[in-house]
C-alpha cells in the first residue's frame, strides 16, 4: 500500500530537531517539551505504521524527485518492528535524558543532533532500497558525531576521530555496493539479486564483501570494531545508550538484508527461491558470518572483562553481543530456507540487546550522575544508595547473561538451537567448535556481569559526591525498560508469535521451520542446562582471576595495537611523503617544462622567438628559492609588465603563425 | 550579444555588481534561443581578418555562461565589503569585469581564434587579480602563473594552427571534421590538451594553481577556483566533442590519456591537500583534486558521465566559491590563516562557519548535498563505460576529502580556542548574503522538486552528444 507514512516517520524527528533548537534558544523547558513531543509523535506514528504493515503486509512510498535517484520507502514487518523498537527505546531514553543533560554544556546542540540521529536511525529501517538507506545511514553517522564528542575533551575528540574516519570509510564501501547494484539491476531495491549478478559477471561475494565491511563497521564486527569501545563510553550516557542499544543495530540490519535478501535468486515476480547456486553462496557467506560472529563475541567478552571503566565494559559487551547477532545471521544464511530458527534468534537478540543494553547504559548514567565517577575502582556499594537503579541493573544483567526469566535467555537458547541445527545440516565438526566458543563466551559474559555487580553495587561505598535522588522521569524510564526485559523473558511466546514470525515470513524461510520456531519451548530441562554451564564457567573464572582489579588490556590482545596503530603510522608516513612530494613539486615543474620545451623544439617551431621566455622560465625554475625573492620580480610595475607581456605574446603568435604557414 | 557589452565598463564597487547582474540577465535571455539544442550566433568577419570574430551560443555555452555570471554577481556583492580593506580597488574591479568578459567570451566563442583571444584576455586579466596584494609572494606566484599561461597559450595556438591546416577552418560549428588517429591530429590533440589542461589544473601542469589561488584576494580566489579552471574543462569538452568526435577519440584511445591524467590529478590533489596547513592552500589543492573528477567525467565518453560532468562543473563552482568566500571572511575577521588556528571559530562566526560546513560536506560528497549527486552520476557513468576503476577512484577521493575537510570542521566546532574567543563577530550582510546563498544552493542543487540544474546538465550532455555524433 502506498502511504506517505514512512517518509513522514523519517522526517518528523528531523523537523522536531529544528523546532527544538529554535525553542531552546528561548528556554530549556520549552526545548525539552519539544524534544519529548517529537519523540512521542514519532513513537505514535511508528505504532500506526506497524498496524498498517500488520494489516497489509507492507507500506511503500516513493518520492521520485529527490536526489536524482528518488527516495524509496518500503516497510515490511522486519523494518517496521525495528523502527517501532527504535522509537520506543528513544522515547524512554529521552525521558531519562533531561535531568542528565541539564548537567552538561551545549544542551541545544545535543538535542538537535540527538533528534537528527533519531531521524537517520528510523530512516535506515524504513528505506526500501540501498540508496535511500545510505542517505539515512550517513545522516545517522554524522549527526551522532557531535554526540560522541559532546564533552569536547581530548579523549572524546580522539575517540571521535576513530569513529568518524572508520564510519566514512564504511559508508563509502556501502556506496560502492550501491553503485554496483544500481549498475547491474538498474535499481538498488532490496530484492533477490544473486542470479542477475551472476549473469552480469559480477561475483556476488564481491557485493557482499563491500556491504558486509561497510555495515560491519557500524555493527562493531571484529576487527572493524575499534571505534566502538572508544566512542560509546565518552558520549553522554543517554547518547551511549542509543548508540550502543540502537545505532549499531543498523549495521546488523544491513548485514541481514544483504546476506538474506540480496544474495538470493528471485523468480519471475521477484519472490525469492532457493537454487543450488544461492545455497552454495549462502553456505559460503554463512560460514564467514558464523566465524566472524564467534570471533567478535569472544574477543568482545575478553576485552569487557579487562576494561577498567563501567561504560567501557558495557561498550565491549556491546561488541560481544553484536557477535551473537552476527552469529545468528550467519546461521540463517548457512541454513538457507531451513534457517528460520537462526534468523528468529538473531532478530530476537537484536530486540533484547537493545532493551537490556540501553538499560545498562542508563544505569551507568545514573551512577555517574550520582557519583561523578567512571572507573570501577572508584565505585562501590551503590546498591543501598540507589536501590531502584540496582534493581534495574540486576534485571538487565539477567538479560545480558541469559538467566532464565529474562529476555536474553530466550534468544541465546534459540541461538544455541540454531548452531546445533547448523551442525546437523552439514556444519560438521567446525560447528561443534563454534558451539563450544558460544558456551564459553556465555561464561565470560557472566564474569564481567559479576565484576560490575561486585565493584559497583556491592562492597564498600566511597562517599557520593552528589546526594540528589533520581527524578521520577528517570526512575520511570529505567523501570519501563527493565520491565520489558523481564516481560519478554517470562512470556516469550507472544513475542515470538507476534513479532518474530511476521518478520521471518517476509524472508524466504521454510514455513515448516518457522512453525518449529513458535512451538519451541525454551523452558525445558535440556535448555536450562545452558545458563547453568555458563554460570559455572563464569563463577569459576571470576573466582580464579576476575576479582583482581585490572589495568589496561595487554597490547597483544588489542586489534588497535596490532592493526590500526601501524595503519595510522602508515597514514602519517603518507602525509610525510606528501610533504616530501610537495617539495618535489619544483622537480615536476622542471620536468613539465623540459618536456614541453623538448616537444616544441622537436617540432622545429620558431626556435628563436621561443628562446627568450623559455630561457627566463628555465632560469626561474633552476634558480634556488632565495634568489627568486630578489627584488627583481617584486618591484616590477604590473601594468607595464602586463603590456609588455601582452605585446610579446601577440608578436610571438603572429610570428609563429606565419612561420608555420611557411613551413607547410 | 552578451560578451561584447562589458569590457569598456567604468568600474567602481556597485557598478561591478550591477554589470554582473545585467550580464546574468543577458545570459538568461539566451535561454529561449538555445533550449532544445538551438544555436544563437553572430559574427564580425571584418574584425581581425582572415578569420573574423564570431560568437555562437549553444546549450553548453549557456550552462557555463549562466554559472559564470551567477557566481560573478555573488562575488561582486561580496567584494563590496571585503575589498574595503584592500588598496587599488579601481584596478581590481576593472580587471574583475575584464576577466568576466574573457570567461564569457570564451564560452560563447564561435571559432577557435575567438575562443583563443578571449581565453587569453581572461588569463591575463586574472594575472592582475592574482598579484593584487603586490607582496613578493604574490609576485612570485603571479610570475609562475604567467609563465604557465604563456606556455599554455603557445601550446593552444600550435593546436589551433594544426587544426586550421588540416581542415581549412577554425569554426567550432562543424563537428568531427578532423580525421582522427594519425600523427598530426594527435599532436593537435595533445597541444590542445596541454593548453586547456594547464588552465584546468591537470597534473603535471597544475603547479601554478596552488601558488596563485591562495595569494589572490579571496573574492578573486573564489572566481579563479570556482569558474576559471572550469573554462579549461569547457575547452576540453569542445575539443573532444566538437572538434573531434567522441567516437573516433574513443577508438583512437586518446581519452585514455585524459582518464589516466584525471585519476592522477584526483589523487595527487587530494593527497597534497592533506599535507597543507594553510586553509586557502588546502582549498586550492582540493580544487585540483576536484578537477580530476571533471577530467574523468568528460573523458569517459558516456552520456551519463558527461551529464555528471556538467553537473559537477556547476556544483563545484558553487561549493568551491562558497568555501573560498567563507575562508576569506574568516581570514578578514580573525586574521587566522592556518587550520590549527581555526579552533573555536564557529563560536565567533557561526553563520560563516555553517556555510563553510555545508560546502565542505558537499565537497566530500555527502547526501543531501550537490557533490553527492555529481559523484553518483559520474560513478554510474564510469560503470556504464565499463571502467569500474574510476568509480573506485572517485570514492577513494571522497575519503581523502573527508580526511582533509573534517579536521577543519572539528577544529572550528569542537576544539577550545587558543585565545579568548570574541563571540559573534560576523561579517556584514553584503558578505553574508552571497555565502549563505551559495551554501543554500549546495543543498538545493540536490533536493529541488524539479532539479533544474540537473535537467540543464542532462539537456546539455544530450545536446553535446547530438552535436558530436551520437554514442549516447
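A short reminder: the numbers here are calculations on the coordinates, not readings from a lab. If you're wondering where the values come from, they're calculated on a predicted model, not measured in any experiment. Positions of Cβ are generated from backbone atoms using ideal geometry, with glycine treated the same way; all protein chains shown enter the neighbour counts.
If one takes the longest principal axis of the Cα atoms in chain B, at what angle in degrees, from 0 to 90 and to the nearest 10, does the Cα axis of helix B:112-130 lie?
Rounded to the nearest ten degrees, it is 20.
Using 0.36 nm times the number of residues separating residue A:56 and residue A:40, minus their current alpha carbon distance, what extension gain do you get?
Going from the current span to full extension adds 3.3 nm.
Suppose each label sits 7 Å from its Cα in the direction of the beta carbon; what would the residue A:539-residue A:429 distance come out to in nanometres?
3.4
Highest first, please rank the peptides B:448-454, A:4-10 by the mean number of other Cβ atoms sitting within 10 Å of their residues.
Packing order, densest peptide first, comes out as A:4-10, B:448-454.
Calculate, in nm to one decimal, what residue A:3 and residue A:205 gain on full extension: separation in residues at 0.36 nm each, minus their alpha carbon distance.
69.2 nm
Classify chain B as rounded, prolate or oblate from the Cα gyration tensor: take a ≥ b ≥ c as the square roots of its eigenvalues, call it rounded if a/c is under 1.5, otherwise prolate when a/b beats b/c and oblate if not.
Because a/c hits 1.5 or more and a/b exceeds b/c, chain B counts as prolate.
Could you calculate the FRET efficiency of residue A:378 with residue A:472 from 1/(1 + (r/R0)^6), where r is the beta carbon distance between them and R0 is 30 Å, rounded to 0.05?
0.60
Can you give the three extents of the C-alpha atoms in region A:341-448 along their principal axes, from longest to shortest, in whole Å?
Sorted largest first, the three principal extents are 53, 24, 18 Å.
Where does helix B:13-29 land angle-wise versus the long Cα axis of chain B, in degrees 0 to 90, nearest 10?
Computed tilt is about 40 degrees.
Mind pulling the angle between the C-alpha long axis of helix B:350-364 and the longest principal axis of chain B? Nearest 10 degrees, somewhere in 0 to 90.
Compared with the principal axis, the helix lies near 40 degrees.
Quick check on packing: order B:323-335, A:501-513, B:66-78 by the mean number of other C-beta atoms within 10 Å, highest mean leading.
B:66-78, B:323-335, A:501-513
Testing the spin-label approximation: label points 7 Å from Cα along Cα→Cβ at residue B:90 and residue A:108. State their distance in nm.
Those two pseudo-labels are separated by 4.7 nm.
Could you give P(r) for region A:36-181, binned at 5 Å from zero, as whole percent values over all Cα-Cα pairs?
Computed distribution, short to long bins: 2, 9, 15, 19, 19, 16, 12, 6, 2, 0, 0.
How large is the helix-only mean residue ellipticity at 222 nm for chain B, computed as the sum of -39500 (n - 2.57) over DSSP H runs with n ≥ 4, divided by its residue count, in deg cm²/dmol to the nearest 500?
Result for chain B: -23500 deg cm²/dmol, rounded to the nearest 500.
Per Stokes-Einstein, at 25 °C and 0.890 mPa s, what whole-number D in µm² s⁻¹ belongs to region B:107-266, with the Kirkwood radius over Cα pairs as the hydrodynamic radius?
153
Packing-wise, with mean Cβ within 10 Å as the measure, how do A:246-258, A:344-356, A:479-491 rank, highest first?
A:344-356, A:246-258, A:479-491
So for the pair residue B:43, residue B:29, with labels modelled 7 Å out along Cα→Cβ, what separation do we get in nm?
My value for the distance between the label points is 2.4 nm.
Calculated FRET efficiency, residue A:63 and residue B:264, Cβ-Cβ r, R0 35 Å, to nearest 0.05?
Once rounded, the FRET efficiency stands at 0.35.
How high is the relative contact order of region A:342-427? Use alpha-carbon pairs under 8 Å, at least six apart in sequence, and give a whole percent.
41 percent.
When only C-alpha pairs under 8 Å and at least 6 residues apart count, what is the relative contact order of chain B, in percent?
Answer for chain B is 16 percent.
Once the Cβ-Cβ distance between residue A:274 and residue B:443 is put in as r, and R0 is 51 Å, what FRET efficiency do you end up with, to the nearest 0.05?
Calculated value: 0.70.
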